[in-house]
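Participant: Have a look at the structure that comes next, please.
Laboratory data are not the source of any read-out in this text; all were calculated from the coordinates shown. Note that the structure is a prediction, hence the values are computed from the model and not measured. Using ideal geometry, Cβ is built from the backbone for each residue, glycine included, and neighbour counts are taken over all protein chains shown.
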Amino acid sequence: MGKSRLVPGRQAHPFFTETAVETKVERSISCPKAKIIVDVNQGIQNNVNHLRVFYTNACCLTNKMTEMKQLLFNEHFDVVCVSETHFNDELSPAEFEVPGYNCFRGDRDFKLDRTMNKNSFSDCGGSVIYVRQNIEVSKTVQGPDSIGVCLDCDMGKVMILCVYRSPSLIKQQDNKLLNFMRTIYEDEAYIAKFCYGDFNLSHISWVSGTIADSPNDSTNALVLRQKGYLDMIHDLGLSWLLTTEITRRRLNKITGIMNESLLDQLLFTDDSLVNDFQLGPHLGKSDHVTLSTELNVSHSTRLEPRMKKEETGLKSHQKKS
């Protein structure tokens with residue numbers, strides 16, 4: 001049976017704004033346009049006993065790449081997962097590449113019912129994973145609005161997934177995503193699996209691991225489809241990270257009410273591998289928080305890439321609290 005995982009976390013309540021709390025240094029996630037020069041040295045191995053993974057829903061990453069590059073320049077995450085990227089084939093590499101990282105994209109390759117032009121794909125959705133260039137990726141997998149990377153770590157093969165589940169999916173599309181996730185979690189080739197994403201499972205209570213609304217309702221199609229994900233979680237004995245936190249805060253322009261939701265989540269297979277987490281400020285104008293996690297995953301890396309700033313390059317904006 002699935003279960004929630006309580007790990008030591010540092011988080012603001014009820015919602016992070018622009019200021020990180022309980023940290024000694026505040027860093028703004030913004031910067032002017034700039035270039036980063038990266039010098040990657042090959043062939044020298046370092047052993048690292050943990051993996052730092054960053055996740056957020058960007059609500060369109062293409063207009064937040066400057067903030068993303070500044071964040072990674074300051075924080076040096078090993079793996080970065082971003083859902084709802086809105087990437088498409090018309091983007092040039094300069095629009096989505098991040099110096100010092102390899103990019104693995106899972107762009108949307110299907111249309112939603114609300115798409116008027118039946119001959120074109122929706123520009124929304126999609127996921128991306130950035131992995132530091134000194135970390136080896138041995139395999140990638142792609143599903144609906146999803147991308148996964150396999151890292152060859154000391155403990156074995158570790159799969160990291162990034163998923164975006166649109167609330168506008170029709171039943172067949174929902175089933176395809178659910179089957180993709182189940183296939184990955186059932187694959188014994190991976191010693192550990194971590195799935196970061198915006199699942200839009202608003203009817204699930206993550207405190208109890210049950211359907212929060214209408215638990216006995218057998219006719220509500222929306223509830224039944226979300227129950228399918230909950231059944232998968234329990235069937236595979238997965239754990240989840242967040243229970244009462246708020247990951248999205250959106251103003252209803254009609255009612256004027258601020259809606260607060262827990263839509264983003266981390267699903268994983270081994271409690272002992274999630275060491276710490278922290279919720280942080282949103283990226284740009286996204287209405288989702290960011291999630292930083294430290295995984296107890298030891299891995300070998302090539303020598304750390306050296307980044308240096310040009311005179312007009314990125315600035316590390318720091319203010320002591």
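Participant: Round to the nearest 0.05 the FRET efficiency obtained for His50 and Thr243 when R0 = 25 Å and r is the Cβ-Cβ distance.
Facilitator: Efficiency at R0 = 25 Å is approximately 0.60.
Participant: At 0.36 nm per residue, and after removing the present C-alpha to C-alpha distance, how many nm does the segment from Ser272 to Asn259 gain when stretched out fully?
Facilitator: Computed gain between Ser272 and Asn259 is 1.3 nm.
Participant: So how do 150-156, 241-247, 90-96 stack up, highest first, on mean other-Cβ count within 10 Å?
Facilitator: 241-247, 150-156, 90-96
Participant: For Asn179 and Asn220 in the same chain, what is the full-extension length gain: residue separation times 0.36 nm, less their Cα-Cα distance, in nm?
Facilitator: Working: separation 41, 0.36 × 41 = 14.76 nm, distance 2.10 nm.
Additional length available on full extension: 12.7 nm.
Participant: Which of the trypsin sites (Lys or Arg not before Pro) found in the range 56-117 are in a DSSP loop and have at most 13 neighbouring Cβ atoms, other than their own, within 10 Å?
Facilitator: The qualifying sites are Arg114.
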